Amino acid sequence: MPFLSYRHAAQLRQELKDTRATVVTPEKEDFPELIRRWSDTCEKEAGAVVMVTSSHEVALVVAFANRHYIPIAVQGGGYSTSGASSTHGGIVINLSAMHNVLVDPASATIAVQGGATWGEVDQAAEREGLAVVGCTTSAAGVGGTTLSGGFGWLTGRHGLVIDNLVSVKMVLADGRVVTASEAEHPDLFWAVRGAGQSFGVATEFVLLAHRQRSPIFGGLLYFPADRLAAVIEFANQFDERATGDEGLFFGFTTRPPDLLSTVIVALLFYNGPRVAAEAFFAPLLALGPIQNETCEMPYPRMNTILGPLAASGARKRLSGTTVRLPLDPQIVHEVYEDFDRIMRSYPRVEGSVVVFELLPYARVSQVPLDATACANRGPYHNVATILRWHDPELDAKMANLERALLRKIRERGGVASIAGHGVGIYANYAGHEANAQELFGDNLPRLQKLKKQYDPKNMFRKWHNLLTHSHEPTVIC
Ligand SMILES: Cc1cc2nc3c(=O)[nH]c(=O)nc-3n(C[C@H](O)[C@H](O)[C@H](O)COP(=O)(O)OP(=O)(O)OC[C@H]3O[C@@H](n4cnc5c(N)ncnc54)[C@H](O)[C@@H]3O)c2cc1C
């Protein structure tokens, strides 16, 4: 794998000299900050970070990398933990300066540049009384979330982020800039909705927005471990009781000041008035939480609640699987015990979390599996694990512990794949643990065909390598 030589860096600077793009090489003062990511495990010494400001500049960088066989990584919000938005020695295309958000109330659409965060979209939408299906964590990037499918608190009502995607401007491997939508490049639009990272750099998304009431109801509840059976009992009724406007994330974490002991945490969402919310969540609220932080709030605030958990710094692994309700209480108890053992056995792992993410799935699964590349649509819910630690020596250990936790959930209560209901795994939670077949199922052959058409050298392969099982030569690492 060729690294970006001094000569190449100088050449790239020269090619970008009439633009506003900046090529930041390792000797520059701001370089260390630019290669930082949400997880310290993803900090890699790039050959250069290019701060781009337009699709044209992205196209120049991509074409340069293509010509010289230099690996590229695209950084949106930097919230993945697989290392997909970093590169050892290659070029990082840093989209953070491309974060404009333009709301058009008349058409209820929002144009978002590829480097924006969900917080920026939420704030801009709210000023017009609108909201988009975004991410439950406002600091995460629109780019990485959207291109894999994306879900948020409004998913129960409006489906996945990609179900609300009107068009996307893409810089392709050969440097062409195209718009993909139902009308233009529909095959690319199909692929981008679920596997977009593998097809180019998305420099602008147009998203459908929806009228959003304010306030909504939500917030955190913490419970002692002895309430677990009752919390599971409530969770197990979610599918029958939810109408589309609710969300319940629950699981395990540690809570200051006692960072060693595991508590049950529940994050409630109700897109409606407090009185209706309290009626829906009454059985949970009656369980006597140690702490109750629920209240009415503007919608954007809901997506900041996970903020402390999602704070940058420390080494982290985000992984996941899916589960069907009803959950087996025995398995959830075992997961609690396993998680608690990890919290007590390793230094500075506080802030780790296991979350069962219950959102109404009817809107998601009513879209046919072959309508978009995203194959994670079915009568099930995501489970996410985030392990957090500091010592690099623990990297392998944490990976194994997380795998074991997820294996237990998947093998004894999870969804490997239900016939006719998709793959049961969210590509953004899969790290590099799952292969392309597992992630895309029956959609893979079409994706591979399109991949060879749009990116024959497989330049965009850092997220998930769609050509893993093919004999296509891959040039870029
Ligand atoms: C705390 C936390 C909470 C989360 N909550 C949710 C949630 O509620 N819903 C949900 O759906 N997901 C959620 N996720 C998963 C999240 O969507 C992924 O981590 C996603 O990869 C983040 O995107 P990013 O742009 O910030 O990441 P990055 O690390 O910048 O990018 C991830 C991948 O996408 C590529 N990419 C990013 N932007 C672009 C672009 N514009 N064009 C082309 N490729 C691009 C990168 O090259 C990389 O391969 C959460 C993650 C975390 C850490």
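Only residues that are open to solvent by 70 Å² or more (accessible area, probe 1.4 Å) and within 12 Å of Gly78 (Cβ to Cβ): list them for region 20-51, please.
Answer for region 20-51, where residues must be open to solvent by 70 Å² or more (accessible area, probe 1.4 Å) and within 12 Å of Gly78 (Cβ to Cβ): Glu33, Arg36, Glu43.
Consider Leu147 against the criteria (1) within 10 Å of the ligand (Cβ to nearest atom); (2) closer than 23 Å to Glu246 by Cβ: it satisfies all of them except one. Which criterion is unmet?
The failed condition is (2).
Taking the residues in region 429-439 that are open to solvent by less than 70 Å² (accessible area, probe 1.4 Å) and in contact with a strand residue (DSSP E or B) (Cβ under 8 Å, 6 or more places away or on another chain) as candidates, determine which candidate is nearest to the ligand (Cβ to nearest atom).
As a first pass, look at region 429-439 and keep what is open to solvent by less than 70 Å² (accessible area, probe 1.4 Å): 429-431, 434-436, 439.
Subset that is in contact with a strand residue (DSSP E or B) (Cβ under 8 Å, 6 or more places away or on another chain): 429-431.
Working: Tyr429: 7, Ala430: 10, Gly431: 10 Å.
The qualifying residue nearest to the ligand (Cβ to nearest atom) is Tyr429.
Among (1) more than 13 Å from the ligand (Cβ to nearest atom); (2) at pLDDT below 95, which single condition is Ser312 missing?
Against the list (1) more than 13 Å from the ligand (Cβ to nearest atom); (2) at pLDDT below 95, Ser312 comes up short only on (1).
The rows are residues; the columns are (1) within 16 Å of the ligand (Cβ to nearest atom); (2) not in a helix (DSSP H, G or I).
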position	(1), (2)
Val364	yes, no
Leu369	no, yes
Arg377	yes, yes
Arg388	yes, yes
Met398	yes, no
Glu411	no, no
Ala419	no, yes
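How many of the residues in region 61-86 are more than 6 Å from the ligand (Cβ to nearest atom), within 23 Å of the chain's Cα centre (by Cα) and of a type in the set (Val, Ile, Thr)?
2
Taking the residues in region 316-362 that are hydroxyl-bearing (Ser, Thr, Tyr) and either closer than 20 Å to Met398 by Cα or part of a strand (DSSP E or B) (or both) as candidates, determine which candidate is farthest from the ligand (Cβ to nearest atom).
Within region 316-362, the first condition is being hydroxyl-bearing (Ser, Thr, Tyr), and the residues that meet it are 319, 321-322, 336, 345-346, 352, 361.
From the residues that got through so far, the ones that are either closer than 20 Å to Met398 by Cα or part of a strand (DSSP E or B) (or both) too are 319, 321-322, 336, 345-346, 352.
On the way: Ser319: 11, Thr321: 14, Thr322: 13, Tyr336: 20, Ser345: 23, Tyr346: 20, Ser352: 12 Å.
Among them, the one singled out is Ser345.
Condition check: outside any strand (DSSP E or B), at pLDDT below 95 and either open to solvent by less than 40 Å² (accessible area, probe 1.4 Å) or in contact with a Cys (Cβ under 8 Å, 6 or more places away or on another chain) (or both). Does Leu306 satisfy that? Full working, then the answer.
On the way: outside any strand (DSSP E or B): yes; at pLDDT below 95: yes; either open to solvent by less than 40 Å² (accessible area, probe 1.4 Å) or in contact with a Cys (Cβ under 8 Å, 6 or more places away or on another chain) (or both): yes.
When the stated conditions are applied, Leu306 passes them.
Scan region 195-218 residue by residue and report those that are farther than 18 Å from Gly115 by Cα and either at pLDDT below 95 or within 16 Å of the ligand (Cβ to nearest atom) (or both).
Ile216, Gly218
Test each condition in (1) assigned to a loop (DSSP other than H, G, I, E, B); (2) of a type in the set (Phe, Trp, Tyr); (3) over 30 Å from Gly320 (Cβ atoms) for Phe64 and report the one that comes out false.
The single condition Phe64 does not satisfy is (1).
Going through region 278-297 one residue at a time, which ones are touching a strand residue (DSSP E or B) at 6+ places or on another chain (Cβ under 9 Å), assigned to a loop (DSSP other than H, G, I, E, B) and open to solvent by 30 Å² or more (accessible area, probe 1.4 Å)?
Filtering region 278-297 for residues touching a strand residue (DSSP E or B) at 6+ places or on another chain (Cβ under 9 Å) gives 278, 280-281, 284-285, 287-297.
Next, from what is left, pick out any that are assigned to a loop (DSSP other than H, G, I, E, B): 281, 287-290, 293-294.
Matches in region 278-297: Leu287, Gly288, Pro289, Ile290, Glu293.
For Pro368, state whether it is more than 15 Å from Ile425 (Cβ to Cβ), without any contact (Cβ under 8 Å) to a residue 24 or more places away in the chain and open to solvent by 20 Å² or more (accessible area, probe 1.4 Å).
So Pro368 passes the test.
Need at least 3 residues that are open to solvent by 30 Å² or more (accessible area, probe 1.4 Å) per element, so show me which strands (runs of 3 or more DSSP E) inside region 76-173 make the cut, counting only ones lying wholly within it.
Fully inside region 76-173 and qualifying: 101-104.
It is to be established whether one or more residues within region 116-124 are more than 8 Å from the ligand (Cβ to nearest atom) and free of Cβ contacts under 8 Å to residues at least 24 places away in the same chain. Can you show your working first?
Of region 116-124, the ones more than 8 Å from the ligand (Cβ to nearest atom) are 116, 118-124.
If we keep only those that are free of Cβ contacts under 8 Å to residues at least 24 places away in the same chain as well, we get 120, 124.
Looking through region 116-124, at least one residue is more than 8 Å from the ligand (Cβ to nearest atom) and free of Cβ contacts under 8 Å to residues at least 24 places away in the same chain.
Name the single residue that is most open to solvent (accessible area, probe 1.4 Å) among those in region 341-365 being farther than 17 Å from Ile386 by Cα and of a type in the set (Ser, Thr, Tyr).
Tyr361
What single numbered condition from (1) in contact with a Cys (Cβ under 9 Å, 6 or more places away or on another chain); (2) without any contact (Cβ under 8 Å) to a residue 24 or more places away in the chain fails to hold for Ala106?
(1)
The values are calculated or read from the model by the stated rules, or taken from the named source; none is laboratory data. Bear in mind the structure is a predicted one, so any value in this text is a computation, not a measurement. Don't worry about glycine lacking a Cβ; one is built from the backbone with ideal geometry, like all the others, and counts go over all protein chains shown. We work out accessible area using only protein heavy atoms, side chains counted, and drop any ligands, DNA or RNA first. Shrake-Rupley method; radii C 1.70, N 1.55, O 1.52, S 1.80 Å.
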